[in-house]
Amino acid sequence: MIRMDLHTHSKFSDGTDLPEVLVEAGIDVCLTSIAITDHVRADSDWVWHYIDYMEEVREYYGDRIRVLSGVEAKVVDFNGTLDMPEGVEDFVDIVLSAVHRVPKEDGGFLTDDEIASDGERALNLWARAVVGAIKNPSVAVIAHPGLIMKNHGIEITEEVAEKVAKAAGGEAVAFEYNVGWGVPEGCLLNGLMRHGVSFTVGSDAHSADELREVWGDGGAGGNIPDEIINRLVIL
């Protein structure tokens, strides 16, 4: 069985452990693949050192586990533009794209109050941002899809789910099944299945302890639905 965690964070961004500590935890819980996918912004000059560092980690542990270097970058508009250093996609194995904030029609992002006051608008803008990311060829995976809506208590409707899933169908991009947050779910998950979208699995672990908790005995990593397992893609 494929046991992958393609969404983790190290001390290079907001995690608590060095990449090699996460990798060793992955080995301990019998993962077959692990990606370190630290958060970046356009001004993250440290990313070039991180890429070199990850190559050393890969070489050291490569005979025990498949190690991928990656980044997680937020979507900033409806055209799939990512907040990351130019050209970094050519030097990492995987780029995760996430909607951490909902873009506005005229630039900028919705505030929490704006989301709370008009959930329908927020949902439709979220969908436009995801569709834009789907069409960006640099993006390998849509990370924790639907999480920002879930966090705001906004249910993804059948209509919006279909719009996102239809855009993803036939594209090379995969969607993450996030075992840490339990997304995607409901009609979004069903729509992605219906349109034949491929999946990866990620925990969004920010420490080795979190990773062990997810993938150890009784953790959420042991409860991945069979339909997800049957659609896993190896990147």
message: Filter the stretch 169-206 down to the residues that are within 18 Å of E72 (Cα to Cα) and among the aliphatic types (A, V, I, L, M) and list them by number.
response: A172, V173, A174, V179, V183, V201, A205
Among (1) farther than 28 Å from N124 by Cβ; (2) surrounded by 18 or more Cβ atoms within 10 Å (Cβ to Cβ) - the single one L189 does not satisfy: (1)
task: Pick out the one residue from I27, I36, I2 that is buried (at least 17 other Cβ atoms within 10 Å of the Cβ) and of a type outside the set (D, E).
output: I36
message: Pairs needed: first member in the stretch 106-118, surrounded by 12 or more Cβ atoms within 10 Å (Cβ to Cβ); second member anywhere, among the basic types (K, R) and modelled with pLDDT of 95 or more; C-beta distance under 6 Å; at least 6 residues apart or different chains.
response: F109/R101; L110/K104
query: Within the stretch 141-172, how many residues are crowded, with 23+ Cβ neighbours inside 10 Å, hydrophobic (A, V, I, L, M, F, W, C) and in a loop (DSSP other than H, G, I, E, B)?
result: 2
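The values are calculated or read from the model by the stated rules, or taken from the named source; none is laboratory data. The structure displayed is predicted, hence computed values, not measured ones. Here Cβ is always computed from backbone atoms with ideal geometry, including for glycine, and neighbour counts include all displayed protein chains.
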